[in-house]
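Quick notes on the structure that follows.
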Amino acid sequence: IEGFDALIGAAPYVEMTGVLRGGRFTLQSGVIQGAGLDADMNGRIADNGAVTGAATGRLSRPVEISGVYFRRAAFAADITGTTDAPHVVAQLSDGALQVAGVDVTDVSGRTTLSVGETISGDFALAGDMLGQRLRTSGRIASDDGDVSIAGLVAELGQLKAEATRLAFGESGVSATFTAAGPLAGLSGIERGALTLNGSVNVGETINADVTGRISDLRSGAARIEVISFTGKARDDEAELKATVRGRVAAPIVLDLGIKGRRADDAWAGDATLNGEIDGLKVATSRPATWTAGPDGWSVDSAFSAFDGTLDAKASSTAMA
């Protein structure tokens with residue numbers, strides 16, 4: 001099916017069986033195997049190319065689709081339309097996937113796809129994430145390997161996020177988004193509220209503008225009055241500023257600034273810290289230098305802290 005491989009990354013093997021009567025072939029059943037998909041089909045294809053059929057199946061192995069890592073999933077689908085432009089209505093069940101390193105389990109829902117030279121449709125899915133039920137919906141389109149989602153709405157517990165624009169493909173990722181709502185119930189958080197908005201474009205260069213605020217956060221012994229942050233990136237140069245006010249094991253008042261520049265897949269930059277912990281001054285006596293990339297990360301810093309000084313180096317690999 002033209003366009004299908006744009007979503008799954010490779011075309012599957014398709015085998016059809018049927019009968020030949022009077023020079024005309026009628027489909028009776030079929031099998032799809034490959035690209036991590038095993039499916040059984042039945043139905044018929046009319047002389048004019050009209051399709052009426054159904055399919056059931058599941059993933060035979062984990063599959064990555066446009067940045068989403070599907071560990072497992074089962075589906076049942078009804079197929080109508082024509083051989084040139086089939087229309088698929090699928091019910092998903094027993095799904096488990098990973099998005100940006102976060103696991104989503106017990107995934108189920110519905111999606112509709114019209115497949116031809118391009119792919120278009122909509123979806124409504126739900127699953128368990130960070131201890132809360134996640135519900136998502138939106139409209140999807142794919143053309144030449146690029147996937148875009150319009151009107152994306154996601155609700156995680158009482159927290160609601162919306163993306164007016166989300167696109168990803170070989171050229172990179174771009175998004176415009178907002179999020180707002182209570183954080184209670186997420187990963188052991190007892191209380192708190194988040195507001196977040198921004199835009200991100202990641203391709204040959206990175207450009208981003210993100211602002212956020214977490215207020216009245218309660219988790220275990222932590223009592224954070226406010227965490228506020230702003231992040232900006234232009235042409236692979238990024239800067240993050242954050243403020244934290246509250247109490248962890250002791251009262252804290254901290255201001256953090258991080259600057260970095262991307263070179264290929266790696267980042268390097270410096271950071272400053274200034275504030276108080278339990279009423280004692282804490283500050284970087286010189287900007288800390290840091291690196292992060294596929295081979296690991298490292299930090300080299302020096303602090304004036306607790307009426308003394310502290311030099312610290314840390315790395316994800318053994319240091320000479």
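Numbers at a glance
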{"item": "Potential lengthening between residue 61 and residue 317 on full extension [0.36 nm per residue; Cα-Cα distance subtracted]", "result": "88.9 nm"}
{"item": "The range 160-315: C-alpha gyration tensor shape, a/c 1.5 cut-off, then a/b vs b/c", "result": "oblate"}
{"item": "Spatial separation of Cα centroids for the range 250-297 and the range 115-169, in angstrom", "result": "34 Å"}
{"item": "Calculated FRET value between residue 234 and residue 124, using beta carbons and R₀ = 30 Å, to 0.05", "result": "0.25"}
{"item": "Spin-label pair residue 80/residue 211, simplified geometry with 7 Å Cα→Cβ offset, distance in nm", "result": "4.8 nm"}
{"item": "FRET efficiency, 1/(1 + (r/R0)^6) with R0 22 Å, evaluated for residue 42 and residue 87 via beta carbons", "result": "0.80"}
{"item": "Distance (nanometres) between label positions extended 7 Å along Cα→Cβ at residue 94 and residue 265", "result": "3.5 nm"}
{"item": "q = 0.12, 0.21 Å⁻¹, the range 108-166: log10 I(q)/I(0) [Debye, one scatterer per Cα]", "result": "-0.32, -0.82"}
{"item": "Partners for residue 281 among lysines (Cα-Cα distance below 24 Å; same-chain residues under 8 apart left out)", "result": "241, 259, 313"}
{"item": "Reciprocal mean inverse distance between Cα atoms of the range 112-206 - Kirkwood radius, Å", "result": "14.7 Å"}
{"item": "Residue 309 accessible area, assembled protein chains, probe 1.4 Å, Å²", "result": "130 Å²"}
{"item": "Sites residue 280 and residue 171 - FRET efficiency at Förster radius 45 Å, r taken between beta-carbons, to 0.05", "result": "0.35"}
{"item": "Label assignment, percent of Cα pairs over 34 Å apart derived from the structure, set (i) 35; (ii) 47; (iii) 40", "result": "(iii)"}
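The values are calculated or read from the model by the stated rules, or taken from the named source; none is laboratory data. What you see is a predicted model; the values in this text were computed from it and never measured. Ideal geometry is used to build each Cβ from the backbone, glycine not excepted, and the neighbour counts take in all protein chains shown. Protein only, heavy atoms only, side chains kept; ligands, DNA and RNA dropped before computing areas. Shrake-Rupley method; radii C 1.70, N 1.55, O 1.52, S 1.80 Å.
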